[in-house]
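Here the structure comes first, spelled out in structure tokens, and everything after it is commentary.
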Amino acid sequence: MRSGRLGVGSGGLSLRAGRSRDRPPLARLAAACAALAARAAAQAGFAGFQPDACLINRYDPGTRLTLHQDRNERDFSRPIVSVSLGLPALFLWGGPARTDRVRRVPLEHGDVVVWGGPARLTYHGIHTLAEGTHPLTGRVRLNLTFRQAL
């Protein structure tokens, strides 16, 4: 798995920057993605979510993401919004302890998962990605994880 980020950090591109016509294409894409994440969060009951960071994970067949909690944010009352693109994956959804039983939830291209509230610190991950080809991403799965980190 490879990671990148869009948003937080020195030299990073803010997800909330200026008017659309004044911004370069990457900034317009970031703003559109942030708006999608905010709408998804609102539909899931988390009105007012304003993501300021996007972690981008790239998965190739044979890679995985072990169970973990998202604990990098200052405020755990804000949800996590995850957008799946490309190859299908099995999302591993556990509980508040790493040893809790894990459910396997199939994710397809375009699926959006939002979690917060009491589930905010649930252990989660991605099962080993199977071989395959997606018409838009080829042999790759991308995941965009939106957070309100600051």
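Take the conditions (1) surrounded by 16 or more Cβ atoms within 10 Å (Cβ to Cβ); (2) not in a loop (DSSP other than H, G, I, E, B); Thr66 misses just one of them, which is (1). Against the numbered list (1) of a type in the set (Ser, Thr, Tyr); (2) surrounded by fewer than 15 Cβ atoms within 10 Å (Cβ to Cβ); (3) in contact with a strand residue (DSSP E or B) (Cβ under 9 Å, 6 or more places away or on another chain); (4) closer than 22 Å to Arg71 by Cβ, Thr99 comes up short only at (3). Kindly evaluate Arg58 against the criterion of being at pLDDT 85 or above, of a type in the set (Lys, Arg) and not in a helix (DSSP H, G or I). Against the criterion (at pLDDT 85 or above, of a type in the set (Lys, Arg) and not in a helix (DSSP H, G or I)), Arg58 qualifies. Residues considered: Leu144, Leu87, Leu107. Of these, the only one that is buried (at least 18 other Cβ atoms within 10 Å of the Cβ), touching a Ser or Thr at 6+ places or on another chain (Cβ under 8 Å), over 25 Å from Ala42 (Cα atoms) and among the hydrophobic types (A, V, I, L, M, F, W, C) is Leu87.
The set of residues in region 39-73 that are farther than 19 Å from Ala119 by Cβ and either of a type in the set (D, E, K, R) or out of contact with any strand residue (DSSP E or B) (no Cβ under 8 Å at 6 or more places or on another chain) (or both) comprises Arg39, Gln50, Asp52, Arg58, Asp60, Pro61, Gly62, Thr63, Arg64.
It is to be established whether one or more residues within region 123-144 are in a loop (DSSP other than H, G, I, E, B), within 15 Å of the chain's Cα centre (by Cα) and at pLDDT 95 or above. Yes, region 123-144 contains a residue that is in a loop (DSSP other than H, G, I, E, B), within 15 Å of the chain's Cα centre (by Cα) and at pLDDT 95 or above.
The values are calculated or read from the model by the stated rules, or taken from the named source; none is laboratory data. This one's a predicted model, so the numbers in the text were calculated from it and none came from an experiment. Every residue, glycine as well, gets a Cβ built from its backbone with ideal geometry; the counts of neighbours run over all protein chains shown.
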